Amino acid sequence: MLKIVTVCGAGVGSSMMMRLFTQQILDDEKIEATVDAADIGSVDPNSYDILITTSDFADTLRDSSAKIIRIDNMMDKEYLKEQLLLTIKD
């Protein structure tokens, strides 16, 4: 099963919203995965297959073994869906 984490500065705002959107996409596509939300300071990026975050935090996490999806417009669910499905397919 895939392990996905959404990451933001505090782990309660945008990461929770991205977690919800990600889970909705996965449910709609019938893809099994666990989706967590975390803050940049406490996340262990190597514990996940996919990281979803903004470009600012993606640079900080770039040395991770996980695939990184950069989302700068968190309200663009279609872009998130496109990037998520492409990343899973890879």
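The values are calculated or read from the model by the stated rules, or taken from the named source; none is laboratory data. A quick note: this is a predicted structure, and the numbers were derived from the prediction, not measured. Glycine also receives a Cβ, built like all others from the backbone with ideal geometry; neighbour counts cover every protein chain displayed. Protein only, heavy atoms only, side chains kept; ligands, DNA and RNA dropped before computing areas. Shrake-Rupley method; radii C 1.70, N 1.55, O 1.52, S 1.80 Å.
Condition (residue is open to solvent by 70 Å² or more (accessible area, probe 1.4 Å) and within 21 Å of S65 (Cβ to Cβ)) applied to the range 3-10: is it met by at least one residue?
Yes: the range 3-10 contains one or more residues that are open to solvent by 70 Å² or more (accessible area, probe 1.4 Å) and within 21 Å of S65 (Cβ to Cβ).
Does any residue in the range 58-76 that is within 16 Å of D44 (Cβ to Cβ) and of a type in the set (A, V, I, L, M) come within less than 9 Å, Cβ to Cβ, of a residue that is open to solvent by 90 Å² or more (accessible area, probe 1.4 Å) and assigned to a loop (DSSP other than H, G, I, E, B) six or more places away or on a different chain, and which pairs are these?
I68/R62
Kindly evaluate A66 against the criterion of being more than 16 Å from S15 (Cα to Cα), surrounded by 11 or more Cβ atoms within 10 Å (Cβ to Cβ) and at pLDDT below 95.
yes
Just for the range 38-63: of the residues that are of a type in the set (D, E) and surrounded by 15 or more Cβ atoms within 10 Å (Cβ to Cβ), which one is nearest to M17 (Cα to Cα)?
Residues of the range 38-63 of a type in the set (D, E): 39, 44, 49, 56, 59, 63.
Subsequent filtering for residues that are surrounded by 15 or more Cβ atoms within 10 Å (Cβ to Cβ) retains 39, 49.
Numbers: D39: 13, D49: 19 Å.
Per the stated criteria, the residue is D39.
F21 is checked against (1) touching a Ser or Thr at 6+ places or on another chain (Cβ under 8 Å); (2) open to solvent by less than 30 Å² (accessible area, probe 1.4 Å) and fails just one. What number does that condition carry?
(1)
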